[in-house]
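The values are calculated or read from the model by the stated rules, or taken from the named source; none is laboratory data. Since the model is a prediction, treat every value here as computed from it, not as a measurement. Please note: Cβ atoms are built from the backbone with ideal geometry, for glycine as well, and neighbour counts cover all protein chains shown.
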């Protein structure tokens, strides 16, 4: 067992205190990089294929031809988990365009920088417990989501300034998450989460036609709802429509399914459909990752 956390940097396992990249790396200079946040449950990366597909989609959007094979990336992730003796963990995989001359226009030849960061998280599935203590308090912010035709919402890049600006607006409040609108004042998503709400027995979520990241957990929840016969709708919504919700919850990889206590000054809370979908999500994790226990 290790005495300290090890990260995987460009093919080598190194102590966290020594895990560095060059100041000339384009991921540092420009946010010119793709990443995925994943969960390991019982030593298994949950929904690896979906994460890999989105990672490749982001790299294509950036014209970042890293040349790394999927099996190579997975091996590095597994090595990092094993080296840290972690079965249940947060995993972040980043691929930058690497070190290039300090000019905005990237070179087509890429020697990528690949970093894998891990951190222990509680066990998931039916026997697990969430990483959050309470339902989320959400506050609408002035920062708008960048239009999709300016910056592809589907690209999960290191350039997180939009979300950072949104979260800074929460200073001095008790909010856990910032809710962003688009430039047409329609509800988009949280700074690091997708929003769902329930009205008249239908689970609603802002559609991907707007500036909304296609969250892996978001997609799984929609599939689980469909399999369970729960009606869903991807749409375009005003904030007032969300305020009228009977239930609301947020999804992302670390929170999984997190009920929303209130949005701004409107109390909403979770409810039976939120609880059902959270349970179905736990069952999916259990079946996929803990079958051998």
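Test residue 127 against the stated conditions and say whether it is modelled with pLDDT under 95 and either surrounded by 22 or more Cβ atoms within 10 Å (Cβ to Cβ) or not assigned by TED's automatic domain parsing to the domain that holds residue 11 (or both). Working first, answer last.
Details: modelled with pLDDT under 95: yes; either surrounded by 22 or more Cβ atoms within 10 Å (Cβ to Cβ) or not assigned by TED's automatic domain parsing to the domain that holds residue 11 (or both): yes.
When the stated conditions are applied, residue 127 passes them.
Being surrounded by fewer than 22 Cβ atoms within 10 Å (Cβ to Cβ), in contact (Cβ under 8 Å) with a residue 24 or more places away in the chain and assigned by TED's automatic domain parsing to the domain that holds residue 159: is that true of residue 229 here?
no
Would you confirm, using the coordinates I've provided, whether residue 222 is free of Cβ contacts under 8 Å to residues at least 24 places away in the same chain, closer than 27 Å to residue 42 by Cβ and not in a strand (DSSP E or B)?
For residue 222, the condition - free of Cβ contacts under 8 Å to residues at least 24 places away in the same chain, closer than 27 Å to residue 42 by Cβ and not in a strand (DSSP E or B) - is met.
Which numbered condition trips up residue 78, out of (1) out of contact with any helix residue (DSSP H, G or I) (no Cβ under 8 Å at 6 or more places or on another chain); (2) closer than 28 Å to residue 161 by Cβ?
Condition not satisfied by residue 78: (2).
Looking only at the stretch 136-151, filter to residues that are in contact with a helix residue (DSSP H, G or I) (Cβ under 9 Å, 6 or more places away or on another chain) and modelled with pLDDT of 95 or more; which one of those is farthest from residue 100 (Cα to Cα)? It would help to see each step written out before you state the result.
Filtering the stretch 136-151 for residues in contact with a helix residue (DSSP H, G or I) (Cβ under 9 Å, 6 or more places away or on another chain) gives 140-146, 151.
Those still in the list that are modelled with pLDDT of 95 or more too: 140-146.
Details: 140: 39, 141: 36, 142: 36, 143: 32, 144: 32, 145: 30, 146: 27 Å.
Once the filter is applied, the top-ranked residue is 140.
Within the stretch 57-65, identify whether any single residue is touching a helix residue (DSSP H, G or I) at 6+ places or on another chain (Cβ under 6 Å), in the same structural domain as residue 11 (by TED's automatic domain parsing) and at pLDDT 95 or above, and answer yes or no.
No.
Please go through the stretch 46-83 and give me each residue that is in a loop (DSSP other than H, G, I, E, B) and either touching a residue at least 12 places away in the same chain (Cβ under 8 Å) or under 15 Å from the mean Cα position of the chain (by Cα) (or both), ordered by number.
46, 47, 62, 63, 64, 65, 66, 67, 68
Does residue 39 count as in contact with a helix residue (DSSP H, G or I) (Cβ under 7 Å, 6 or more places away or on another chain) and crowded, with 20+ Cβ neighbours inside 10 Å?
Taking the combined requirement at face value, the residue does not satisfy it.
Kindly indicate the residue of the stretch 151-176 that is assigned to a loop (DSSP other than H, G, I, E, B) and more than 16 Å from the chain's Cα centre (by Cα) and also farthest from residue 213 (Cα to Cα) among those meeting that condition.
The residue in question is 172.
Limited to the stretch 158-180, what total is found for residues that are touching a strand residue (DSSP E or B) at 6+ places or on another chain (Cβ under 6 Å) and under 27 Å from residue 281 (Cβ atoms)?
Residues in the stretch 158-180 being touching a strand residue (DSSP E or B) at 6+ places or on another chain (Cβ under 6 Å) and under 27 Å from residue 281 (Cβ atoms): 9 in total.
Which of the numbered conditions does residue 115 fail, given that it passes all the others? Conditions: (1) under 30 Å from residue 269 (Cα atoms); (2) out of contact with any helix residue (DSSP H, G or I) (no Cβ under 8 Å at 6 or more places or on another chain); (3) outside the structural domain of residue 247 (by TED's automatic domain parsing).
The single condition residue 115 does not satisfy is (1).
Tell me, please, whether a residue that is in a strand (DSSP E or B) and surrounded by 17 or more Cβ atoms within 10 Å (Cβ to Cβ) can be found in the stretch 274-286.
no
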